[in-house]
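One structure is given below, encoded as structure tokens.
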Amino acid sequence: MQKKLIAEFLGTFWLVFGGCGSAIFAAAFPSLGIGFLGVAFAFGLTVLTMAFAVGGISGGHFNPAVSVGLTVAGRFPGGQLIPYIIAQVIGAIAAAAVLYLIASGKADFQLGGFAANGYGEHSPGGYSMVSALVAEIVLTLFFLVVILGSTSSKVPAGFAPIAIGMSLTLIHLISIPITNTSVNPARSTGQALFVGGWALQQLWLFWVAPIVGGALGGLVWKLVDDSE
């Protein structure tokens, strides 16, 4: 169990460090910024690479909503759910701390949004709380369907990380303008702790919506899965 939790810590750290780091340092870099497209691919690549690296150890969740969805679908033991979530949140916070340490070394450092998630005036596109809630639930639901489907016994083994990573890329391409994309309560928590204020006040949505979406994804998969 200890090795599984370390793997989840490392995977979530890499997801936040790579994904949020690309948004903080590279998205709008003068003349060479990677923009939304680059950030979306960065998030997808973090999951793809760590799923290959440590997925065989822990299952490669790196996300409390994924752990919940897998539990609902009967693919993950409920007794391990809380330890997994704790490891994921600690990994996200550690990554955010390292990002803050690096970012604060810039001469004219200003924290800004720090890749935190938000709605209303803190949504990149000015989308409402309802818009954010619906987007996060629906996108997390389909993320779980992709995860459960690509790791089922009826598809070729070994390719799941590619489908999962590309799915997360697509999710970010859709929803960065809406919420800065969460679909992951751990990822949201790490950034919000350093931004404080509005980010912490709005953090509830980025726990509730992904968890609900993950659970619904697990239920939907059980409806269509004919492996039994």
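Some points to look at:
- Solvent exposure of the chain, expressed per residue, is 45 Å² of accessible area, with all protein chains present and a 1.4 angstrom probe.
- Highest mobility in the GNM of the chain, judged by mean-square fluctuation with C-alpha springs under 10 Å and restricted to GLY18, GLY60, GLY78, is found for GLY78.
- Amide H contacts for TYR127 (H built 1.01 Å from N in the peptide plane; partners 5 or more residues away or on another chain; cut-off under 5 Å): GLY120.
- Helix-only CD estimate at 222 nm, as mean residue ellipticity for the chain, using -39500 (n - 2.57) per DSSP H run (n ≥ 4): -23000 deg cm²/dmol
- Rounded percent of accessible protein surface that carbon and sulfur make up, the stretch 1-224, 1.4 Å probe: 73 percent
- Tensor-based shape of the stretch 78-139 (alpha-carbon gyration tensor, a/c under 1.5 rounded, otherwise prolate or oblate): oblate
- Note on GLN2 and THR49: the model spin-label points, each 7 Å out from Cα along the C-beta direction, lie 2.8 nm apart.
- Whole-number percent relative contact order across the chain, with pairs defined as alpha carbons under 8 Å at least 6 apart: 30 percent
- Positive-end ranking of VAL146, MET129, GLY197 along the dipole of the stretch 105-228, with charges on Cβ about the Cα centre, is headed by GLY197.
- Under 15 Å from LYS154, Cα to Cα: aspartates and glutamates that are on another chain or at least 8 residues apart: ASP225, ASP226, GLU228
- The stretch 1-224 pair-distance distribution - Cα-Cα, 10 Å bins, rounded %: 9, 36, 39, 14, 2, 0
- Rounded to the nearest 10 degrees, the angle from helix 129-150 to the longest Cα principal axis of the chain is 40 degrees.
- Gyration tensor (alpha-carbon) shape descriptor, the stretch 1-107, a/c threshold 1.5: prolate
- Dipole moment magnitude, nearest 20 debye, the chain about Cα centre, only Lys, Arg, Asp, Glu C-beta charged: 320 debye
The values are calculated or read from the model by the stated rules, or taken from the named source; none is laboratory data. Values in this document were obtained by computation on a predicted structure and should not be read as measured data. Cβ sites come from the backbone with ideal geometry, for glycine too, and all protein chains shown count toward neighbours. We work out accessible area using only protein heavy atoms, side chains counted, and drop any ligands, DNA or RNA first. Shrake-Rupley method; radii C 1.70, N 1.55, O 1.52, S 1.80 Å.
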